[in-house]
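Written below as structure tokens is the structure these notes are about.
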Amino acid sequence: MKKVYIARHGLTDWNLIPKVQGITDIPLNEGGKKQANALAEMVKETGIHFDKILHSPLQRAAETAKIVAEVNNIPLQVEPRLIEQNFGKWEGFENNKKDSSFEEAKKYFFDSYGNGESMARLAQRIYNFLDELKEIPGDETYLLVTHGGIARCINSYFFNMTNDEYASFQMGNCEIREYKF
């Protein structure tokens, strides 16, 4: 059975604030580099075999993927479709408990946030990508190193989710999850 694993990138300074990063290209901070190294060691210790790591072109995901690949001697490839959702007018927004407007905005699946990417278009991009992976002959196992918004969409590909469940789905930095086609 073909499997795909997803890992979210390591911690950034914007994760700490927290600010909506979207396609804003923020690097890992020192904590994120430590998380990526811990993820790499966990992969090594568990013996999970990955045929290839596919990663987002944004540096926070690319740095995470590179660390895991180097420690485990896994081929690495940029996959542009794994880039985070463009949150348009919400890029850089301080997403805190006092102002839930961004959390509310995520419930509108056809809103492009001004000049961004709607949840519907994001789902089309990610679902098409996953359909292509599923159709590749053989039982190769991939690690996809990506972002929280992409992880949310990937989870919805494999599991039914209500709109509220989708909008509130969270994945921790350098958390890894397994999915089976």
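Fully extending the segment from residue 110 to residue 52 would add 17.6 nm, taking 0.36 nm per residue of separation and subtracting the current Cα-Cα distance. In the range 52-181, Cα pairs under 8 Å separated by at least six residues give a relative contact order of 29 percent.
Orientation-averaged projection of the range 31-156 equals 8.8 nm² [convex hull of Cα atoms, one quarter of hull surface area].
Here is the link list: 33/98; 3/66; 44/107; 66/134. Which ones come out longer than 26 Å on Cα distance? Intermediate results must be reported in sequence, preceding the final value.
Details: 33/98 30 Å; 3/66 21 Å; 44/107 38 Å; 66/134 24 Å.
33/98; 44/107, as the Cα separations exceed 26 Å there.
Here residue 30 and residue 103 are evaluated by their C-beta separation; at R0 = 35 Å the FRET efficiency comes out at 0.75.
Computed from label points 7 Å out along Cα-Cβ, the spacing between residue 175 and residue 1 is 2.2 nm.
Under a GNM of the chain (C-alpha, springs under 10 Å), which listed residue has the highest mean-square fluctuation: 162, 24, 146? Sorting by GNM fluctuation, first place goes to 162.
A cut-off of 5 Å between modelled amide H atoms, ignoring neighbours fewer than 5 places along the same chain, links residue 93 with 20. Please build a GNM for the chain, connecting alpha carbons under 10 Å apart, and tell me which residue among 124, 21, 85 fluctuates the most. Its mean-square fluctuation being the largest, the pick is 124.
Shown for the range 21-149: the carbon plus sulfur share of the solvent-accessible area, taken with all protein chains present and a 1.4 angstrom probe, equals 51%. For the range 118-181, the pair-distance distribution built from all alpha carbon pairs, in bins 10 Å wide starting at 0, is 18, 55, 25, 2 percent.
Please report the net charge: other residues with Cβ closer than 13 Å to the Cβ of residue 175, K and R +1, D and E -1. Don't skip to the end; give the middle numbers.
Details: positive: 8, 152, 177; negative: 178.
Residues close to residue 175 contribute a combined charge of +2.
Which FRET efficiency value, to the nearest 0.05, is calculated for residue 44 and residue 139 with the Förster distance at 22 angstrom and r the Cβ-Cβ distance?
Numbers: r = 21 Å, r/R0 = 0.97.
About 0.55, to the nearest 0.05.
When you filter the chymotrypsin sites (Phe, Trp or Tyr not before Pro) in the range 68-129 for DSSP loop state and at most 11 other Cβ atoms inside 10 Å of their Cβ, you are left with 110. Exposed loop positions in the chain were taken to be trypsin sites (Lys or Arg not before Pro) whose DSSP state is not H, G, I, E or B and which have at most 13 other beta-carbon atoms within 10 angstrom. Between these positions, the longest stretch is 1-96.
The values are calculated or read from the model by the stated rules, or taken from the named source; none is laboratory data. The shown structure was predicted, so the numbers you read here are calculated from the model rather than taken from an experiment. With ideal geometry, Cβ positions are generated from the backbone for all residues, glycine too; neighbour counts draw on all protein chains shown. Calculation scope for accessible area: heavy atoms of the full protein, side chains included, ligands and nucleic acids excluded. Shrake-Rupley method; radii C 1.70, N 1.55, O 1.52, S 1.80 Å.
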